[in-house]
1. If the reach is capped at under 19 angstrom between alpha carbons, list the lysines near K171, excluding any in the same chain fewer than eight residues apart.
2. Please get the size of the charge dipole for segment 3-270, origin at its Cα centre, with Cβ charges of +1 on Lys and Arg and -1 on Asp and Glu, quoted in debye to the nearest 20.
3. Which residues in segment 90-126 place their backbone N less than 17 Å from a point set 7 Å from the Cα of K60 along the Cα-to-Cβ direction?
4. Please report the Cα spread of the chain along all three principal axes, rounded to whole Å, starting with the longest.
5. Which lysines have a Cα lying under 19 Å from the Cα of K232, excluding residues fewer than 8 positions away in the same chain?
6. Which lysines have a Cα less than 17 Å from the Cα of K116, not counting those fewer than 8 places away in the same chain?
7. What is the ratio of the Cα radius of gyration of segment 139-223 to 2.2 N^0.38 Å, with N the residue count, to two decimals?
8. What is the local net charge at A270, summed over the other residues whose Cβ is closer than 13 Å to its Cβ (Lys, Arg +1; Asp, Glu -1)?
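Throughout, read-outs are computed from the coordinates displayed, never taken from laboratory work. All values derive from a computational prediction rather than experimental measurement. Heads up, the Cβs are rebuilt from the backbone with ideal geometry, glycines too, and the neighbour counts pull from every protein chain shown.
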Amino acid sequence: MRNLAIFGLTAFLLVGRVPQLCAQVAVNDRVQGDVSPKQKFEVAGRPAFVIMPELVDLKKPVPWVWYAPTLPGLPEAREHWMFKQFLAAGIAIAGVDVEESYGSPEGRKIYSALYKELVDSWGFAPKAALLARSRGGLMLYSWACENPENVACIAGIYPVCDLRSYPGLEKASPAYGLTPAELEQKLDLYNPVARLAPLAKAKVPIFHIHGDVDATVPLEANSGAVAREYEKLGGSMVLDVPKGQGHNLWEGFFQSQALVDFVIASKNEARKVP
């Protein structure tokens, strides 16, 4: 039995138009799978994808989930259970491969390019629902903290929120063009857990599911730290802590109905103009 832990926070209530493909999109370049085919294209020279729902409201912007990390092999079959429900609710799914950029400024530039492409050319909603798996937390949170007005909600599956925890400053620093010592001095500028104030001010709701024995991305240094800081800032966050689970492939992480319902509940917020 899993336990739901809410770190003293106000719990968020759980409960488009056809894209105009730009010239660079290879419409016939599709990947078949258990979910609708991916439409693959490039943004800022990096591979990106979109999965469209079968039915879209032509009179409204398309709500969407922004998944990270998009890397070779990710997203993968374990996400299909969630993706099917998003698609059935009329929500598209998108992502772009920014390599192992760990939330660095260069990676965030590519994220901004994807956002502009999808909103301006595909008719996607002004606010994205962010879905961060593991190190995708560094990428999505770093972008979200600089663009809170463009975020409908943030959902995380054991997401990394502290560079010191993973991958460590020694490994992350080259992506930032800094030495480990320089990155440590600038953590207040770059570390997601230290940059949550804009998200709280924008009233962005957060939901994380994170095991209590995660040795790769420790709960207390990541989701736990976000929960405590977000509470101080007046933000709304739900933290679901499955007992005895680590950084693993337990199906409960990827078949969390609470997480899916949380994301789907953001549909109306996603369409609001910032």
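1. Within the straight-line cut-off, K171 pairs with K186.
2. Using Cβ point charges on Lys, Arg, Asp and Glu, segment 3-270 gives about 560 debye.
3. Within reach of a label on K60: 90-93, 123-126.
4. Here the spans come out as 44, 43, 34 Å, largest first.
5. Within the straight-line cut-off, K232 pairs with K201, K203.
6. K40, K127, K272
7. Numbers: Rg = 13.2 Å, N = 85, 2.2 N^0.38 = 11.9 Å.
Ratio of Cα Rg to 2.2 N^0.38 Å: 1.11.
8. Summing Lys/Arg as +1 and Asp/Glu as -1 gives +2.
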